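Quick one: this structure, given as structure tokens, is what I'll be asking you about.
The values are calculated or read from the model by the stated rules, or taken from the named source; none is laboratory data. In this text the structure is predicted, and so the values were computed from the model without any measurement. Backbone-built Cβ (ideal geometry, glycine too); neighbour counts: all protein chains shown. Only protein heavy atoms, including side chains, enter the accessible area calculation; ligands, DNA and RNA are left aside. Shrake-Rupley method; radii C 1.70, N 1.55, O 1.52, S 1.80 Å.
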Amino acid sequence: PELQYRQYQVVGRKIPTESDPTPPMYRLKVFAQDEVFAKSRFWYYMNRLRKVKKSVGEVLRVIEIKEKSPNQVKNYGIWIRYDSRSGTHNMYKEARGTSLNGAIKEIYEEMGSRHRARHSVVQIVKTDIIPAAECRRDNTTQFHDSKIAFPLKHRLPRSNKKSHKSTFKA
Amino acid sequence: RTSAILSKMVYKRFVEIGRVAFVSFGEDQGKLCAVVDIVDQNRALIDGPNIRRQAIGFKFLHLTGFVIQIGHGAGTTAVKKAWEKEGIEEKWQQSRWYKKLQMKATRRQLSDFDRFKLMKVKQRRSWLIKMEMGRLKKAQKK
């Protein structure tokens, strides 16, 4: 089963007490594989950013945010904060795709491969759909061509039957 | 643009907006689709009359020689219209590729008796060819 990121909106607050009957509610948008991890990340950030712990707080709602237009290709801009071996850095990455969840998956994989950054040290700070004119990466802008045409080179024979499957395609 | 490239390049079939491709892998195996948009170097957004609009990898597409006229990111109805206008269904069914696929499918479904009949027919054909060859050789000797 392939790893699939979903986007969740987690809303929570400190449990109301006599001294504080209506504590402020906080919302976190997080990418996780399931709700359990989404709630876990909610408390991770709440701990760090506010004086609220899971033991004195409550999660009010967890909703999955679905893709609005999965049949349209979009350019995603993703702002990241990650810990490298010697410090923590900000990054801006672009990904092209039909869904934000798919783009996020690509970004996590890219961070793992290019920077050896595991999932736990990568924080997605912000995500946005970028119009073509504002894309900064050549890897994204090279596809902004209405008359794009390229051949498929170095085609490997690929079987469509499981019985003919092989690990290495010579 | 494509025709200018065609005259010079080794490659004749290009991935472009409107290129009709054959899906060779997965649930939609055997269906035709059109490239509606390019996602990145590995994937295209495809759509077709019998196939759901989706992003699919180039690994699973075999390009045909047909192209339909659509704008990039065209909707499903626009793709369907262009498909019918170009007459892709008829063009496809007249192509050798399609006929070979049909032939392979028929052969796979032959019963033992059908295979026996096929053998007999092939024997008859090769006998006819040999007879005619013999006659031509004899005529040439004279």
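Considering the options B:H72, B:M9, B:P49, tell which one lies farthest towards the positive end of the dipole of chain B, charges being +1 on Lys and Arg and -1 on Asp and Glu at the Cβ, about the Cα centre.
The residue sitting farthest along the positive end of the dipole is B:M9.
Taking the Cα atoms of region A:23-170, report the difference between the largest and smallest coordinate on each principal axis, in whole Å and largest first.
Result for region A:23-170: principal-axis Cα extents of 59, 44, 38 Å.
Could you list the chymotrypsin sites (Phe, Trp or Tyr not before Pro) in region B:49-142 that lie in coil according to DSSP, counting only those with at most 16 other Cβ atoms within 10 Å of their Cβ?
Values: sites: B:F58, B:F60, B:F66, B:W83, B:W92, B:W97, B:Y98, B:F113, B:F116, B:W127; in loops: none.
Qualifying residues, ordered by number: none.
With an 8 Å cut-off on Cα pairs and a minimum separation of 6 or more residues, tell me the relative contact order of region B:12-78 in percent.
36
How far apart, in nanometres, would the label points at B:L118 and A:T141 be if each is projected 7 angstrom from Cα along the Cα-to-Cβ direction?
About 5.7 nm separates the two model spin labels.
For a Förster distance of 30 Å, can you work out the FRET efficiency between the beta-carbons of B:W92 and B:M9, rounded to the nearest 0.05? Could you put the intermediate results ahead of the total?
Working: r = 24 Å, r/R0 = 0.82.
Once the sixth-power term is evaluated, E becomes 0.75.
Compute the relative contact order of region B:42-119 as a whole-number percentage, counting only Cα pairs closer than 8 Å that sit 6 or more residues apart in sequence. Don't skip to the answer; put the middle values down first.
On the way: 40 pairs, mean separation 15.2, N = 78.
So the answer I get is 19 percent.
May I ask you to give the percent of accessible area on the protein assembly as shown that is carbon plus sulfur, with a probe radius of 1.4 Å?
On the way: 10890 of 21420 Å².
Answer for the protein assembly as shown: carbon and sulfur cover 51 percent of the accessible area.
Considering the dipole of chain A built from charges on the beta carbon (Lys and Arg +1, Asp and Glu -1) around the Cα centre, which of A:H115, A:Q33, A:L152 is farthest to its positive end?
Checked the options; the winner is A:L152.
Against the 2.2 N^0.38 Å scaling, with N counting residues, where does region A:1-75 land? I'd like the Cα-based Rg ratio to two decimal places.
Working: Rg = 14.9 Å, N = 75, 2.2 N^0.38 = 11.3 Å.
Region A:1-75 yields a ratio of 1.31.
A follow-up question, please. For region B:1-99, give the magnitude of the charge dipole about the Cα centre (Cβ charges: +1 Lys/Arg, -1 Asp/Glu; no others), in debye to the nearest 20. Spell out each step's value before the answer.
Values: 16 positive and 10 negative charges, 62 e Å.
Here region B:1-99 has a charge dipole of around 300 debye.
For B:K59, what charge total do you get from the other residues with a beta carbon under 10 Å from its beta carbon, if Lys and Arg give +1 and Asp and Glu give -1? Could you put the intermediate results ahead of the total?
Working: positive: A:R155, A:R158, B:R43; negative: none.
Cβ neighbours under 10 Å give a net charge of +3.
If you build the Cα gyration tensor of region B:26-74 and take the root of 5 times each eigenvalue, what three semi-axes come out, in whole angstrom, biggest first? Spell out each step's value before the answer.
Working: eigenvalues 44, 36, 24 Å².
That gives 15, 13, 11 Å for the three semi-axes.
Would you mind checking which residues have amide H under 5 Å from A:K74's amide H? H placed 1.01 Å from N; only 5 or more apart, or other chain.
Excluding prolines and chain starts, which carry no amide H, the hits are A:G97, A:T98.
Can you tell me the length gained on complete extension of the stretch B:Q102 to B:H62, counting 0.36 nm per residue apart and subtracting the Cα distance?
Values: separation 40, 0.36 × 40 = 14.40 nm, distance 1.70 nm.
Gain on stretching B:Q102 to B:H62: 12.7 nm.
Next up: Convert 37 °C to kelvin, take the viscosity as 0.692 mPa s, use the Kirkwood radius over C-alpha pairs of region A:63-104 as Rh, and evaluate the Stokes-Einstein diffusion coefficient in µm²/s, rounded to a whole number.
Values: Rh = 11.9 Å.
In µm²/s, the coefficient is 277.
Where Rh is the Kirkwood radius over the Cα pairs of chain B, the temperature 25 °C and the viscosity 0.890 mPa s, what D in µm²/s does Stokes-Einstein return?
Details: Rh = 18.3 Å.
Estimated diffusion coefficient is 134 µm²/s.
What does the convex hull of the Cα atoms of region B:61-142 come to per residue, in Å³, rounded to a whole number?
Details: hull volume 14.1 nm³, N = 82.
That works out to 172 Å³ per residue.
Relative to the Cα centre, what is the charge dipole magnitude of the protein assembly as shown, using +1 at the beta carbon of each Lys and Arg, -1 at the beta carbon of each Asp and Glu, and rounding to the nearest 20 debye? Numbers along the way, then the final one.
Details: 67 positive and 30 negative charges, 505 e Å.
Using Cβ point charges on Lys, Arg, Asp and Glu, the protein assembly as shown gives about 2420 debye.
Also: Compute the acute angle (0 to 90°) between the alpha-carbon long axis of helix B:96-108 and the principal axis of greatest extent of the alpha-carbon atoms of chain B; round to the nearest 10°.
It works out to around 60 degrees.
Between A:R118 and A:Q33, 0.36 nm times their residue separation minus their Cα-Cα distance comes to what? Working shown, then result.
Numbers: separation 85, 0.36 × 85 = 30.60 nm, distance 1.52 nm.
Full-extension gain reported as 29.1 nm.
As an exercise, identify the chymotrypsin sites (Phe, Trp or Tyr not before Pro) in region A:84-170 lying in DSSP coil whose Cβ has no more than 16 other Cβ atoms within 10 Å.
A:F168
Normalising by the residue count of chain B, find the relative contact order in percent from Cα pairs under 8 Å and 6+ residues apart.
Working: 157 pairs, mean separation 23.8, N = 142.
For chain B, the relative contact order is 17 percent.
A further question follows. With a cap of 15 neighbouring Cβ atoms within 10 Å, and only residues DSSP puts in a loop, list the trypsin sites (Lys or Arg not before Pro) found in region A:1-98.
Details: sites: A:R6, A:R13, A:K14, A:R27, A:K29, A:K39, A:R41, A:R48, A:R50, A:K51, A:K53, A:K54, A:R61, A:K66, A:K68, A:K74, A:R81, A:R85, A:K93, A:R96; in loops: A:R50, A:K51, A:K53, A:K66, A:K68, A:R85.
Sparse-neighbourhood loop trypsin sites (Lys or Arg not before Pro): A:R50, A:K51, A:K53, A:K66, A:K68, A:R85.
For A:E110 and A:L60 in the same chain, what is the full-extension length gain: residue separation times 0.36 nm, less their Cα-Cα distance, in nm?
Length gained, A:E110 through A:L60: 14.7 nm.
Once Rh for region B:21-105 is found with the Kirkwood sum over Cα pairs, what is the Stokes-Einstein diffusion coefficient at 37 °C and 0.692 mPa s, in µm²/s? All intermediate terms of the calculation are to be shown ahead of the outcome.
Numbers: Rh = 13.1 Å.
The Stokes-Einstein estimate is 250 µm²/s.
Sticking with this one: For the protein assembly as shown, what's the radius of gyration and Dmax over Cα atoms, in angstrom?
28.6, 121
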